[in-house]
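Here's the structure we're looking at; comments come further down.
The values are calculated or read from the model by the stated rules, or taken from the named source; none is laboratory data. Fair warning: this is a prediction, and the values are worked out from it, not measured in the lab. Please note: Cβ atoms are built from the backbone with ideal geometry, for glycine as well, and neighbour counts cover all protein chains shown.
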Amino acid sequence: MPAGPSVGAPRRVRALCRPELAAGLRLAGLEPEVTTEPAVAFLARLRAEGRTGVLLVQQTLHAGLPRETGRAAHALPLVVALPDPGAAEGPSAAEEELLEIVRQAVGYRVRLR
């Protein structure tokens, strides 16, 4: 079993993206991982380390993850898709996914306004 943080230890917010999104994430105070490593391999490494609570993944990289990845409310890290730069659509897939995670955790549907 990997040696993770002790119970109650703070967990990190990490981000996985391509270079075009990295500057914006740095402005938000994150130090994103810009990688060519498949997202599924990166996620497996983070789970083994046990120190990450939330993983923000750029949509194009998120598409390479299995559908059930991070969907369970108890799965750590919680995986949230970030829209690609320039993506303008109605309710984003990232919002829909986040709402589904909240629904699983809380037990009922929530609407964003």
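Against the definition (of a type in the set (Lys, Arg) and either in contact with a helix residue (DSSP H, G or I) (Cβ under 9 Å, 6 or more places away or on another chain) or more than 17 Å from Pro85 (Cβ to Cβ) (or both)), how does Arg11 come out, yes or no? Let's see the steps before the verdict.
Values: of a type in the set (Lys, Arg): yes; either in contact with a helix residue (DSSP H, G or I) (Cβ under 9 Å, 6 or more places away or on another chain) or more than 17 Å from Pro85 (Cβ to Cβ) (or both): yes.
Yes.
Scan the stretch 14-21 and tell me whether some residue there is modelled with pLDDT of 85 or more, surrounded by 14 or more Cβ atoms within 10 Å (Cβ to Cβ) and more than 19 Å from Leu65 (Cα to Cα). I'd like the intermediate steps shown before the answer.
Within the stretch 14-21, the subset modelled with pLDDT of 85 or more is 14-21.
Subset that is surrounded by 14 or more Cβ atoms within 10 Å (Cβ to Cβ): 14-18, 21.
Next, only the ones that are more than 19 Å from Leu65 (Cα to Cα) stay: none.
No, every residue in the stretch 14-21 fails to be modelled with pLDDT of 85 or more, surrounded by 14 or more Cβ atoms within 10 Å (Cβ to Cβ) and more than 19 Å from Leu65 (Cα to Cα).
State the number of residues belonging to the stretch 22-61 that are among the aliphatic types (A, V, I, L, M), part of a loop (DSSP other than H, G, I, E, B) and either on the phi > 0 side of the Ramachandran plot or more than 14 Å from the chain's Cα centre (by Cα) (or both). Break it down stepwise before answering.
If we filter the stretch 22-61 for residues that are among the aliphatic types (A, V, I, L, M), which is where we start, we get 22-23, 25, 27-28, 30, 34, 39-41, 43-44, 46, 48, 54-57, 61.
Filter once more, so that each one left must be part of a loop (DSSP other than H, G, I, E, B): 28, 30.
Restricting the remaining residues to those that are either on the phi > 0 side of the Ramachandran plot or more than 14 Å from the chain's Cα centre (by Cα) (or both) gives 28.
So the answer is 1.
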Item to check | Of residues in the stretch 76-89 being in contact with a Ser or Thr (Cβ under 8 Å, 6 or more places away or on another chain) and in a loop (DSSP other than H, G, I, E, B), the one modelled with the highest pLDDT | outcome: Pro77
Checklist entry - For the subset of the stretch 32-43 comprising residues that are modelled with pLDDT under 90 and not hydrophobic (A, V, I, L, M, F, W, C), which member is farthest from Pro77 (Cα to Cα)? => result Thr36
